[in-house]
Structures are given as structure tokens and as C-alpha cells.
Amino acid sequence: MLYVDMPTAREIGALNQVRSDACVSIYLETTPLTQKIGESRTKLGNLVKTAIGQLEAAEFDKRRIWSLQEHFDVLLEDDDFWEHQAHSLAILATPDRIRTYRLANKLTDMVEVSDRFHLKPLLRAIAFPHAAHVLAVSENAVRLVEVSSALPAREIRVPNMPRDAASAVGKASINDSGAGRRIGGLEGQKIRLGQYIRKIDAALRPILADSDIPVILASTLPVDSLFRSVSAVPLLPQSIETSPDHMSEADLAKAARPVLDAYYDSQIREFHDLFDQRAGQNRIATDISDAARAATFGGIDSLLIDIDSVVEGTIDDETGAVAFGPEASAGTYGIVDEIAGRALRSGARVLAVRRSDIPGEKDLAAILRYPV
């Protein structure tokens, strides 16, 4: 099972406001396979050494370094924590506090030290997690299947999940006509399916309540349309349009991947279409300095940022003016990362993507709320 605890976009906006004399951001690839997690622990130890070395080079307060080191030492020695991992681990630490997030997608190992956290990889994780839940529903059965990019698909046991539609409503069949004319025939079938779906919904709520992993429905009519009209489960728009009764978990995982790809592609395509429209209205920005000013004054509506590049420097808190830095140091931070954080705090939609997905293949592309 993937042990995932990703932050929401709102949480990332709040994390962007954290300021400290030392904010250490570490991202490293992990594995859900406990027997292979030792390599990740070793890599973390090396990344911690890199962070501490930067602070020592900046002549940082030794007592504060010891506090940071203690946070990392406790984490490294926590065997229970390392037994439950996903595909990546984000660690955000100050001398006063440490936060960890286990992520569904694979991220590049990296360490950043500044007066604020480097959050761009988290944005990629919440925008395009390479995992999904497939909810396979028919009159005859219901399953919740966990799909990831690196592990075999597996069914998740859900407490209080109904076995099938008939048993959920206490009938031998939902198609019988002996219950009276009021709920007989197709009308009665629809009512009983609705009862069945509401029971599924109630069982899934505690499982999916805190999950940002996409949910794909595998079903056929009329269950598909009725499920979407009755359930509160946040489903992707596209379904796996086939009866799931005779599909294995591996079959469902294979069918889910093109649905996920299409969903991600549609988000990028929608951004590009709107970007092209707003270009003629002077409501776009691809220059970092322009975007920094717009983000500072709440002027960004939507933003794409390059997941891989890091542009060092600082942004003035009052004016949004950018000062570019020659290299990473404890006195600089990722400017694009900071722009994303400021945009999130003003309610913008932010996606971290590959450079090839950004108009003009720039470090970023912004759609603005008003002309510039």
C-alpha cells in the first residue's frame, strides 16, 4: 500500500509564508518496498550533510545547526516511519520544527537551504500524482483498487462496503417487481441503485476524505450516470467504460493509465487555449520579473512553472522587484518557487509541469487577472 500524505494547495500556500533563519527543503526518491528502503535512508543522510555544510559555510549559529541536526537524526532513526513510504519523501525543516510528506510520484533528489521552503516539487506532486484509485462498480460487486506507477495494483479493503446492490437493499434482486407498483420496474431499480450507491459513498468517505489521489470510475450505464449524480466522491470526468466484473486489478490499472494521461493533458491544453486568448488582451506573462510583480499584488489567475529549473535570487516583499543571484546559497531561494507561493496565497491555480508543456518553453507562464 502507498502511504501518502500530500499537502493541499492551501497548505502549500501557508508553507510558503514560513520564514526562519534556516529553512531546509529536502526531496528524495523512496520506495514502498520496506526491504529496499535502506538506500533512501542513506541518501537522506548525505543530503542532510549537504544542507548542514551550506549553513556552516554561512557561519550559521551552531546551536541552531544542532537543533536542525537533531530533527534529522530522530527521523533517520525512526524505523516505524521508514516502514511506511510511498515513491518520494518531502522533508521541510527549521531548527524549531520538521514536517514530512510522503508523495505518490517520483521526484528528483535535491536539497535547498534558504530563509523559506522550496515547494515547487510539492506542487508537481499534487498536480500530477502518478497514482489513482479505481472505483469499480456494478450491480453485482464493488471494489476500490489502488493503482501506482511502480507497484502491482491491489484492492483496498473498505469497512462497511456493500457486497452488491441486492444485499445492500435487502433484496434477492433489485430487478424484482414484487415490492409494489410505486417502486416497481425501472423506477424501482433506479431507487434501489441509488440506495446502493449511497451506502458505497458512506463507506468510502473515511477512506478518501483526506486523499488528493484521483478517483476513476469503472462502470457502465445506468450505474455510471447514477453514481455521478448521487455520490459525493470526486471522480475524474472520464470513466473506464466497461463492465468491471470480470476485470482483474491489473486490467483495471492498465485501463486507468490512459484516463489519467488524458486528464493531465486536458489541464495543460485548457491552459494553453486560455493563454492564447489572453495574449491579445495583455493578460499574460512569461518574464520572471513581470510574473513576480503580478504575484506580489495578487494579479495571477493561473500559472505553469517548470518543475526542474531553479532560478536563484530574491523578490522584494513590498514591490515584487527581482534580484537574481549567481548561485544557490543560504541567502537566496528559488524565485519561481516564491512566485508560485505568492500566487497560491491569492487563490491562483498553479501547476508544476515539464518545460515542454509551458508556452514558449519558459521557466513559467502566467495568465493574469487584469491587463498589464
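Against the condition in contact with a helix residue (DSSP H, G or I) (Cβ under 7 Å, 6 or more places away or on another chain) and modelled with pLDDT of 95 or more, how does residue 13 come out, does it pass? Please lay out each step first, then the result.
Values: in contact with a helix residue (DSSP H, G or I) (Cβ under 7 Å, 6 or more places away or on another chain): yes; modelled with pLDDT of 95 or more: no.
Taking the combined requirement at face value, the residue does not satisfy it.
Return the pair list, or none, for Cβ contacts closer than 7 Å from residues in segment 65-85 that are in contact (Cβ under 8 Å) with a residue 24 or more places away in the chain and open to solvent by 30 Å² or more (accessible area, probe 1.4 Å) to residues that are part of a helix (DSSP H, G or I) and of a type in the set (Ser, Thr, Tyr), at least 6 apart or on different chains. From segment 65-85, the pairs are 83/34. For segment 284-297, taking the residues that are of a type in the set (A, V, I, L, M) and part of a helix (DSSP H, G or I), the one that is surrounded by the fewest Cβ atoms within 10 Å (Cβ to Cβ) is identified as 288. When we screen 239, 243 for residues that are in contact (Cβ under 8 Å) with a residue 40 or more places away in the chain and more than 30 Å from residue 343 (Cβ to Cβ), the only hit is 243.
Of all residues in segment 94-121, those that are more than 20 Å from the chain's Cα centre (by Cα), over 18 Å from residue 344 (Cβ atoms) and open to solvent by less than 20 Å² (accessible area, probe 1.4 Å) total 3.
The single condition from (1) part of a strand (DSSP E or B); (2) small (Gly, Ala, Ser); (3) out of contact with any strand residue (DSSP E or B) (no Cβ under 8 Å at 6 or more places or on another chain) that residue 323 fails is (3). If the condition is being under 17 Å from residue 12 (Cβ atoms) and not in a loop (DSSP other than H, G, I, E, B), then segment 340-365 contributes 340, 341, 342, 343, 344, 345, 349, 350, 351, 352, 353, 364. Take the conditions (1) in a helix (DSSP H, G or I); (2) surrounded by 16 or more Cβ atoms within 10 Å (Cβ to Cβ); residue 225 misses just one of them, which is (2). Considering (1) open to solvent by 20 Å² or more (accessible area, probe 1.4 Å); (2) modelled with pLDDT under 95; (3) farther than 23 Å from residue 91 by Cα, the lone condition that residue 124 does not fulfil carries the number (3). For residue 44, are the conditions met, namely being part of a helix (DSSP H, G or I) and at pLDDT 95 or above? Considered against the rule, which asks whether it is part of a helix (DSSP H, G or I) and at pLDDT 95 or above, residue 44 comes out as yes.
Within segment 26-37, can you find the residues that are surrounded by fewer than 12 Cβ atoms within 10 Å (Cβ to Cβ) and not in a helix (DSSP H, G or I)? So that I can check it myself, show each step before the final result.
Just the residues of segment 26-37 that are surrounded by fewer than 12 Cβ atoms within 10 Å (Cβ to Cβ), to begin with: 33, 35-36.
The one that is surrounded by fewer than 12 Cβ atoms within 10 Å (Cβ to Cβ) and not in a helix (DSSP H, G or I): 33.
Between 302, 289, 243, 239, the distinction of being modelled with pLDDT of 95 or more, polar (S, T, N, Q) and closer than 30 Å to residue 144 by Cα belongs to 239 only. Within segment 156-183, the set of residues being surrounded by 10 or more Cβ atoms within 10 Å (Cβ to Cβ), part of a loop (DSSP other than H, G, I, E, B) and at pLDDT below 90 comprises 169, 171, 173, 174, 175, 176, 177, 179.
Residue check: is residue 337 under 24 Å from the mean Cα position of the chain (by Cα), among the acidic types (Asp, Glu) and assigned to a helix (DSSP H, G or I)?
Yes: the conditions hold for residue 337.
Considering the conditions (1) of a type in the set (Gly, Ala, Ser); (2) open to solvent by less than 20 Å² (accessible area, probe 1.4 Å); (3) modelled with pLDDT under 90, residue 340 is excluded by exactly one of them, (3). Within segment 38-64, restricting attention to residues that are hydrophobic (A, V, I, L, M, F, W, C) and crowded, with 18+ Cβ neighbours inside 10 Å, the residue that is nearest to residue 110 (Cα to Cα) is 47. Just to be sure, is residue 248 of a type in the set (S, T, N, Q), farther than 30 Å from residue 315 by Cα and modelled with pLDDT of 95 or more? Criteria met by residue 248.
Does segment 298-331 hold any residues that are loosely packed, with under 14 Cβ neighbours inside 10 Å and more than 24 Å from the chain's Cα centre (by Cα), and which are they?
Step one: of segment 298-331, the residues loosely packed, with under 14 Cβ neighbours inside 10 Å are 309, 316-319, 321, 323-324, 326-327, 331.
The answer is 316, 317, 318, 319, 321, 323, 324, 326, 327, 331.
The values are calculated or read from the model by the stated rules, or taken from the named source; none is laboratory data. Predicted model, so just to flag it, every value in this text is computed and none were measured. Don't worry about glycine lacking a Cβ; one is built from the backbone with ideal geometry, like all the others, and counts go over all protein chains shown. Keep in mind that these areas ignore ligands, DNA and RNA; they rest on the heavy atoms of the full protein, side chains included. Shrake-Rupley method; radii C 1.70, N 1.55, O 1.52, S 1.80 Å.
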